[in-house]
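Below is one structure, written out as structure tokens; the observations come after it.
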Amino acid sequence: MKTKKPKIILLGPQASGKGTQSHILSTWSGAPKMSMGDLLREIQNEDSDRGKTVKELISKGSLVPDDIILDIIKDWIKKNSGGWVIDGFPRTMEQAQKSWDLFRPDAVIFLDLPDDVAKRRLSYRRVCSKCKTNYNLITNPPKNDKHVCDLCGGELIQREDDKPEVVEDRLKTYHTKTEPIKEWYRAKGVLLEVDAKPGIPAVAHEIQKMIQEGQEVKKEKGRKKLWIFAIIGIVLAILGALIFIGSLQA
Ligand code: AMP
């Protein structure tokens, strides 16, 4: 893709494929990607009050406070202002509203997935303990050994917060705190909805198609604006010429 790098947010419930699709989208568009969950999992290893707070909240499936999240995202955006693909942010209305004033997405892709499918996918999700690549033992298994990452040979593990007792709480939090953001972005005119049930390539294709269509609509609007300015310019020039001729004849 040779056009300007897009600014995209991926929104959706757990296991809707935000991580996988953000990786594909980042490769396709050339825009760097960030995963708030991955950043927080690094921060939880810090020997600091912030590290301890983050660790405790993630293990319970609770959200990390908005002020910590907003500081992290502001820092990251400062270094990546030319375009981005963001997964896992925002997760509350406050995060959405405060970030809208600082940096606006061109599109928010909402990956729609029912809870029962999300729970099934999470029970089969494994993540590489070294390079953090995601696998699903049913739909996207590692090629050689179900315990070993294809890319780096790291051990595949189940995240603590993917265990059934935590998943239930995470989905509840998602429905109460995160899902309402969808309608807010719709009102802003940037929401694109995608069915996340099909396989990874089909969903990726649908997302890319929607983004390209969105870019075409924007270009068309730009072309229309140019035409309107050109026509106004010509009309003004003709009027000016007529007034000038009129003044010569008077
Ligand atoms: P994820 O890998 O995206 O599922 O995120 C893992 C966990 O990190 C979540 O269950 C939350 O505890 C925390 N987290 C990730 N993103 C956010 C966010 N935007 N706001 C608050 N907490 C978050």
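The spread of Cα positions in region 79-127, taken along each principal axis and listed from longest to shortest, comes to 37, 23, 16 Å.
Expressed in Å, the radius of gyration and Dmax of the Cα atoms of region 1-41 are 10.9, 33. Sequentially through region 20-28, phi angles give Karplus couplings (6.51, -1.76, 1.60; θ = phi - 60°) of 5, 5, 5, 5, 5, 5, 5, 5, 5 Hz, Gly and Pro residues having no value and appearing as x.
Per residue, the chain exposes 58 Å² of accessible surface when a 1.4 Å probe is rolled over the protein heavy atoms with every protein chain present. So if the hydrodynamic radius of the chain is defined as the Kirkwood radius over C-alpha pairs, what does Stokes-Einstein give as its diffusion coefficient at 10 °C and 1.306 mPa s, in µm² per second? Answer, rounded: 78 µm²/s. Taking amide H as placed 1.01 Å from N in the peptide plane, the amide H of residue 159 sits under 5 Å from that of 127, each at least 5 places away or on another chain. Our summary of shape: the Cα atoms of region 155-224 have principal axis extents of 54, 30, 20 Å, ordered from largest down, in whole angstrom.
Dipole size of the chain about its Cα centre, with +1 on Lys/Arg Cβ and -1 on Asp/Glu Cβ: approximately 860 debye, rounded to the nearest 20. Surface composition of the chain: carbon and sulfur atoms hold 57% of the protein heavy-atom accessible area at a 1.4 Å probe.
Just list whichever of 33/218; 55/79; 79/143 have alpha carbons separated by over 27 Å in the model shown. Kindly include the intermediate steps, with their values, before the conclusion.
Working: 33/218 23 Å; 55/79 25 Å; 79/143 36 Å.
The answer is 79/143.
Working note: Karplus 6.51/-1.76/1.60 with θ = phi - 60° gives region 197-211 the couplings 6, x, x, 4, x, 5, 5, 4, 4, 4, 4, 5, 4, 5, 5 Hz, where Gly and Pro are set to x. Kirkwood analysis of region 13-113, using all unique Cα-Cα pairs, places the hydrodynamic radius at 14.4 Å.
When the Gaussian network model of the chain links Cα atoms closer than 10 Å, the mean-square fluctuations of 98, 225, 33 top out at 225.
Region 127-250: Rg/Rh from Cα coordinates, Kirkwood Rh?
Numbers: Rg = 28.2 Å, Rh = 20.6 Å.
For region 127-250, the value is 1.37.
The ellipsoid equivalent to the alpha-carbon distribution of region 138-195 has semi-axes of 33, 18, 9 angstrom, derived from the gyration tensor eigenvalues as √(5λ) and listed largest first.
Leaving out same-chain residues fewer than 8 places away, which aspartates and glutamates sit with a Cα under 15 Å from that of residue 221? Straight-line reach from residue 221, under 15 Å: 106, 213. Rg over Rh for region 89-182 works out to 1.05, both radii taken from alpha-carbon positions and Rh defined as the Kirkwood radius. If you line up the long axis of helix 115-124 against the longest principal axis of the chain, both from Cα atoms, how many degrees apart are they, to the nearest 10? That helix lies at roughly 50 degrees to the long axis. Over what distance in Å are the Cα centres of region 11-46 and region 105-133 separated? Using only Cα atoms to place each centre, the spacing works out to 10 Å.
Listed highest first by mean packing, meaning other Cβ atoms within 10 Å per residue, what order do 14-25, 73-84, 239-250 come in? Could you put the intermediate results ahead of the total?
Values: 14-25: 23.0, 73-84: 14.5, 239-250: 8.6.
Going from most to least packed, we get 14-25, 73-84, 239-250.
The values are calculated or read from the model by the stated rules, or taken from the named source; none is laboratory data. Bear in mind the structure is a predicted one, so any value in this text is a computation, not a measurement. Note that we place each Cβ from the backbone using ideal geometry, even for glycine, and neighbour counts take in every protein chain shown. The area values use the complete protein model at the heavy-atom level, side chains included, leaving out ligands, DNA and RNA. Shrake-Rupley method; radii C 1.70, N 1.55, O 1.52, S 1.80 Å.
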